[in-house]
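A.B. asks: One structure, pasted below without further comment.
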Amino acid sequence: MAHATGVIGLAHYATSVDVSGHKIVADEPPNNGGEDAGPTPYDLLLASLAACTAITLRMYADRKQWNLKSLTVELSFIRGADKSEHVNRRLQLDGDLNEEQRARIADIAERTPVTLTLKRGIPIITTLVSIPASPDGIANPAEP
């Protein structure tokens, strides 16, 4: 099961994120009040989709023993003037693949786990929790 914890202090808007023991810093660019100390949340969303797409397609090609030397996944998040949103995904396949194999890889890309989660949508359940008190009874705010 995936797990992430984000902690932000007073810095605008650098957020320390622990993802299953891996440390990431997320931030906003200066034109949005941040210091560009890391990728934006939408960048991280695209990174998740890119990684899942690449890994799934590599696994598939390996299982089929296809000659896929490398795969590049390029993603762009688009928000229209009408507030509609979509992701453009481009796949660049390097290897000796016929048109049927290329078409199958494109088809599999539409069914990677993260792709399906994003397409279905996912409920987000938010719960407020209390800040634990120190031994002297004073609440300890989270440290960045």
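The values are calculated or read from the model by the stated rules, or taken from the named source; none is laboratory data. Values in this document were obtained by computation on a predicted structure and should not be read as measured data. Note: ideal-geometry Cβ built from the backbone for every residue, glycine included; neighbour counts use all protein chains shown.
A.B. asks: Can you confirm whether LEU75 is part of a strand (DSSP E or B) and touching a Leu at 6+ places or on another chain (Cβ under 6 Å)?
C.D. replies: So LEU75 fits the description; yes.
A.B. asks: Of (1) touching a helix residue (DSSP H, G or I) at 6+ places or on another chain (Cβ under 7 Å); (2) free of Cβ contacts under 8 Å to residues at least 12 places away in the same chain; (3) under 25 Å from GLU110 (Cα atoms), ASP36 satisfies all except one. Which?
C.D. replies: ASP36 satisfies all of (1) touching a helix residue (DSSP H, G or I) at 6+ places or on another chain (Cβ under 7 Å); (2) free of Cβ contacts under 8 Å to residues at least 12 places away in the same chain; (3) under 25 Å from GLU110 (Cα atoms) except (3).
A.B. asks: For residues that are surrounded by 13 or more Cβ atoms within 10 Å (Cβ to Cβ) and under 21 Å from the mean Cα position of the chain (by Cα), scanning just the stretch 76-95, find the one that is nearest to THR40 (Cα to Cα).
C.D. replies: PHE77
A.B. asks: Suppose we filter the stretch 28-75 for residues that are surrounded by fewer than 12 Cβ atoms within 10 Å (Cβ to Cβ), in contact with a strand residue (DSSP E or B) (Cβ under 9 Å, 6 or more places away or on another chain) and more than 21 Å from ASP96 (Cα to Cα); how many remain?
C.D. replies: So the answer is 0.
A.B. asks: Which residue, of ALA81, ALA14, ALA26, is in the same structural domain as LYS119 (by TED's automatic domain parsing) and among the aliphatic types (A, V, I, L, M)? Write out each step before concluding.
C.D. replies: Working: ALA14 fails: in the same structural domain as LYS119 (by TED's automatic domain parsing); ALA26 fails: in the same structural domain as LYS119 (by TED's automatic domain parsing).
Answer to the check: ALA81.
A.B. asks: Pairs only if they're at least six apart or on different chains, beta carbon under 6 angstrom, first in the stretch 53-66 and touching a residue at least 24 places away in the same chain (Cβ under 8 Å), second in a helix (DSSP H, G or I); list them, first residue then second.
C.D. replies: The qualifying pairs are THR53/ALA109; LEU57/ILE105; TYR60/ILE108; TRP66/GLN101.
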